[in-house]
Amino acid sequence: MAGNLELLSSVLAGAKAEGRAALVGYLPAGFPTVDGGIRAVTAMIEGGCDVVEVGLPHSDPVLDGPVIQTADDIALRGGVKIVDVIRTVREAHAATGAPVLCMTYWNPVDAYGVERFAADLAAAGGAGCILPDLPVEESEVWRKAAEQHGLATVFVVAPSSKDARLAKITAAGSGFVYAASLMGVTGTRESVGREAQDLVERTRATPAARRGLPVCVGLGVSNAEQAAEVAQFADGVIVGSAFVKQLLAHEGDLEAGLAGVRELAGDLAKGVRA
Amino acid sequence: MSSDFFIPDPEGHLPSTEGYFGAFGGKFIPEALVAAVDEVAEEYEKAKADPEFARELDDLMVNYTGRPSALTEVPRFAEHAGGARIFLKREDLNHTGSHKINNVLGQALLTKRMGKTRVIAETGAGQHGVATATACALFGLECTIYMGEIDTQRQALNVARMRMLGAEVIAVKSGSRTLKDAINEAFRDWVANVDRTHYLFGTVAGPHPFPALVRDFHRVIGVEARRQIIERAGRLPDAAVACVGGGSNAIGLFHAFLPDESVRLIGCEPGGHGVESGEHAATLTEGTPGILHGSRSYVLQDEDGQITEPYSISAGLDYPGIGPEHSYLKDAGRAEYRAVTDDAAMQALRLLSETEGIIPAIESAHALAGALELGRELGKDGLIVVNLSGRGDKDMDTAARYFGLYDAPADDAVEADDTDATDTALGAHQEGTK
């Protein structure tokens, strides 16, 4: 069974056709439990996310701030395995029909087996992978497997990326390109700086983006106002830590946490339409 | 250009231009760090070609560090090693008390050349942190050191030294609260502050070019030791022995001997409570290839690629990864790696202290224990060079508790016989910290 790269592309194109940015939500699998996590990811979509990323919790999340580190810790202590992450993708996609990506550090994929991971993710209805610590130079083995299984390869670009690298990275990527709004780790921020807009403009100037590869912005966005601001210049707005915070704030009361996730997704969905 | 102390591996050797030693190495880093890591690589290439860089580093090595370091024969210690001759390469006599200063001074000069004003570093035992804080004091650089919370407790003396030198020390409370987590936190800092900050990486791991660059700054250890042992013993040694955590002092000793096929290269890994107990940090003995902290190498991990928590009595070796060149040397069969338990290392620490008047670091004591075992294998004609990578002052509290060297509190000691009192009052053995 082929993965859902095309579904991802058509959903992002659909948002564009409506004259708005897409809303992309992130939550790690297994948080607060595997079944609770599946409900939370589903709630993000029901609340208004167009696309979701399911995080593969890692023992050493070097690109994540304290909020996602805490969620990863809870998930790993609960015993989440890669097969549970795949199940989360499968059930969230089956329940909603939305494109579901996996966001993961590279070592778990490498350990699980690159071909096996791509095959299992595609079979679960996954749309692709975001690989924040796999630079384009080391990515060939993954891209081959992804292409064969109809999965997107979403690379991250950063404000420090020079123009020549932006061209190289966007040429190798598919689905969309993830523009990190700032130099730093994940986490909510007071404001999204000018850096993000500069990066999006430079990324849009690459041949691949001119041919239609969407540019979505993540890191630091946590509320409807910020989402509206980013939606002015990006094809998609990515929100992660703010969703995790909803569940952490209601620790021990999953229903309240899910309500918070749904409400936040609704607010953000209004933001990207503002 | 000729330099006595800065002796990088010649061009055309490993790693490849992509940073690979065979199947190991590479550059697995977030895009946000690519420009900074590339800048380090470019600046290092320029520095290698600049005679002024070598001159400056040579001057520091001689007049600040105190190189060359001595090679000391330890016959009374060697009596316990089947009569083999054992020589210690005395990196413990360097300024700051370990080999770490070799790499730190080199990278501090690079930091200045890159125009950066702030340095961050990870540290396990605190030796790399102390060396980095020292260089930052010397060069007027702002300095932040990340150290696992457990390590700040078991190496409290070094925390005080770093603060005395003007560095900020941040106790890392995430994960296993040891060296691995200190590196994670340092990477997070670097991503956020890369414009003005150099990450002064402390071992031969991490993304390219760090494994090659750190190795080159430590090659002087083996180059000196090789010359010294030939002068003193009239021949090459049968083996060069060093402890391995990330692997910097070992690669420094081994590298000059790589072409000498008769010289066995033996790395001593932290076996903790024994590899069969599961409580160890013997990465090359028990690990599998994976990616940690920016390069592919052997890693202690589960089948899902989650890094497993290491354990060693030695904070400096308590790391679930290893430099990629060691993985390459292991698979190529050029170097051998053995696990040495906490207890074997502690006994060797005490033996060297009592027979030779040299108190080694617990890290280096793993190499000493390995040498004792190897000496018995080689017999009377054996000739061994051991890298004594650091001195043991920082470990006195751990060692005193381990061997019961503290006086008992007066109240408890009143009725006890002297020996028993010291052995029992504080608990003879300090168990693992987690």
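All of the numbers you see were taken from the coordinates with simple rules; none came from a lab. No experiment lies behind these values; they were computed from the predicted model shown. Cβ atoms come from the backbone with ideal geometry, glycine included; neighbour counts cover every protein chain shown.
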Worksheet item: Put +1 on the Cβ of each Lys and Arg and -1 on the Cβ of each Asp and Glu in the protein assembly as shown; which of B:G379, A:P207, A:A29 then has its Cα farthest toward the positive end of the dipole?
Response: A:P207
Worksheet entry | Under-5 Å amide H pairs with A:A22, H placed in peptide plane, nonlocal only | A:G236, A:V237
Worksheet, complete the sentence: Across B:C243, B:C268, B:C143, the residue with the highest GNM fluctuation in chain B (Cα network, 10 Å cutoff) is B:C143
Item to complete: Quantify how strongly other chains surround peptide B:173-180 by giving the mean number of their Cβ atoms within 10 Å of each of its Cβ atoms.
Response: 2
Item to complete: From other protein chains only, count the Cβ atoms within 10 Å of every residue's Cβ in B:182-188, then give the mean.
Response: 4
Fill in: Gain in span if fully extended, A:D267 to A:A95, counting 0.36 nm per residue against the direct Cα distance
59.7 nm
Item to complete: Would you mind ranking B:E286, B:E224, B:E377, B:E122 so that the residue whose beta carbon has the fewest other beta carbons within 10 Å leads the list?
Response: B:E377, B:E286, B:E224, B:E122
Item to complete: May I ask you to compute the full-extension gain from A:A205 to A:K16, defined as 0.36 nm times their residue separation minus their alpha-carbon distance, rounded to one decimal in nm?
Response: 66.3 nm
Response to the item:
Expressed in nanometres to one decimal, the distance between label points 7 Å along Cα→Cβ at B:A137 and B:L405 is 2.4 nm
Fill in: Order of B:D342, B:D331, B:D381 under a 10 Å beta carbon neighbour criterion, fewest first
B:D381, B:D331, B:D342
Item to complete: Calculate the spin-label point distance for B:T17 paired with A:Q232, positioning each point 7 Å from the Cα along the beta-carbon direction, and give it in nanometres.
Response: 4.5 nm
Worksheet, complete the sentence: Residues whose built amide H sits under 5 Å from the amide H of B:E269, excluding neighbours closer than 5 in sequence, are B:V244, B:R338, B:A339, B:V340
Practice prompt. Based on the mean of other Cβ atoms within 10 Å per residue, sort peptides B:296-308, B:225-237 so the most packed one is first.
Written response: B:296-308, B:225-237
Discussion item. Order these by the 10 Å Cβ neighbour count, fewest first: B:Y64, B:Y337.
Written reply: B:Y64, B:Y337
Response to the item:
Mean-square fluctuation maximum in Gaussian network of chain B, Cα pairs under 10 Å, restricted to B:L351, B:L157, B:L138, hits B:L138
Practice prompt. Quick one: among B:G246, B:G290, B:G357, which has the greatest mean-square fluctuation in a GNM of chain B with alpha-carbon springs under 10 angstrom?
Written response: B:G357
Worksheet entry | Where chymotrypsin sites (Phe, Trp or Tyr not before Pro) fall in DSSP loop in segment A:148-252, at most 14 other Cβ within 10 Å | none
Worksheet item: Given H placed 1.01 Å from N in the peptide plane, which residues other than close sequence neighbours of B:Y146 have an amide H under 5 Å from its amide H?
Response: B:A121, B:E122, B:T123, B:I170
Item to complete: Work out from phi, with θ = phi - 60° and the Karplus expression 6.51 cos²θ - 1.76 cosθ + 1.60, the ³J(HN,Hα) of each residue of segment B:238-251, listed in order in whole Hz, and give x for Gly and Pro.
Response: 6, 8, 10, 10, 8, 7, 10, x, x, x, 6, 5, 5, 5
Item to complete: Averaging sequence separations of C-alpha pairs under 8 Å and six or more residues apart, then dividing by the length of segment A:82-132, give the relative contact order as a whole percent.
Response: 49 percent
Discussion item. Can you work out the Karplus-derived ³J(HN,Hα) for every residue in segment B:175-186? Use 6.51 cos²θ - 1.76 cosθ + 1.60 with θ = phi - 60°, whole Hz, and x for glycine or proline.
Written reply: x, 7, 6, 10, 4, 3, 6, 5, 5, 3, 5, 5
Response to the item:
Expected integer from the mean partner chain Cβ neighbour count at 10 Å over A:126-132 is 1
Discussion item. Using a Cα-Cα cut-off of under 18 Å, which lysines could be cross-linked to B:K27, ignoring same-chain neighbours fewer than 8 residues away?
Written reply: A:K162, A:K168, B:K180
Worksheet entry | DSSP beta bridges in the protein assembly as shown [antiparallel fraction, %, rounded to 5] | 20 percent
Discussion item. At R0 = 25 Å, how high is the FRET efficiency between A:S191 and B:K173 if r is their beta carbon distance? Nearest 0.05 is fine.
Written reply: 0.35
Discussion item. Going Cα to Cα from B:K330, which aspartates and glutamates come in below 15 Å? Please leave out same-chain ones fewer than 8 positions away.
Written reply: B:E261, B:E269, B:E286
Worksheet, complete the sentence: At the level of C-alpha centres, the distance separating segment A:161-229 and segment B:82-140, in angstrom, is 39 Å
Discussion item. Below 8 Å between Cα atoms, with a sequence gap of 6+, how large is the relative contact order for chain B in percent?
Written reply: 19 percent
Item to complete: Could you run the Karplus curve 6.51 cos²θ - 1.76 cosθ + 1.60 with θ = phi - 60° over segment B:204-214 and give me ³J(HN,Hα) per residue in whole Hz, x for Gly and Pro?
Response: 8, 10, x, x, 3, x, 4, x, 7, 5, 5
Worksheet entry | Cross-link reach list, lysines versus B:K173, counting only Cα pairs under 21 Å and skipping chain neighbours closer than eight places | A:K245, B:K434
Worksheet item: Quick one, what does Rg over Rh come out to for the protein assembly as shown if you take C-alpha atoms and the Kirkwood Rh?
Response: 1.01
Discussion item. Taking a ≥ b ≥ c as the square roots of the Cα gyration tensor eigenvalues, with a/c under 1.5 meaning rounded and otherwise prolate when a/b beats b/c, else oblate, which class fits segment A:5-273?
Written reply: rounded
Practice prompt. Please report how far the C-alpha centroid of segment A:230-274 lies from that of segment B:1-49, rounded to the nearest whole angstrom.
Written response: 43 Å
Worksheet item: What's the center-to-center distance, using Cα atoms, between segment B:337-394 and segment B:222-288 in Å?
Response: 12 Å
Practice prompt. Net charge near A:A146: determine it from the other residues with C-beta under 15 Å of the C-beta of A:A146, scoring Lys and Arg +1 and Asp and Glu -1.
Written response: -4
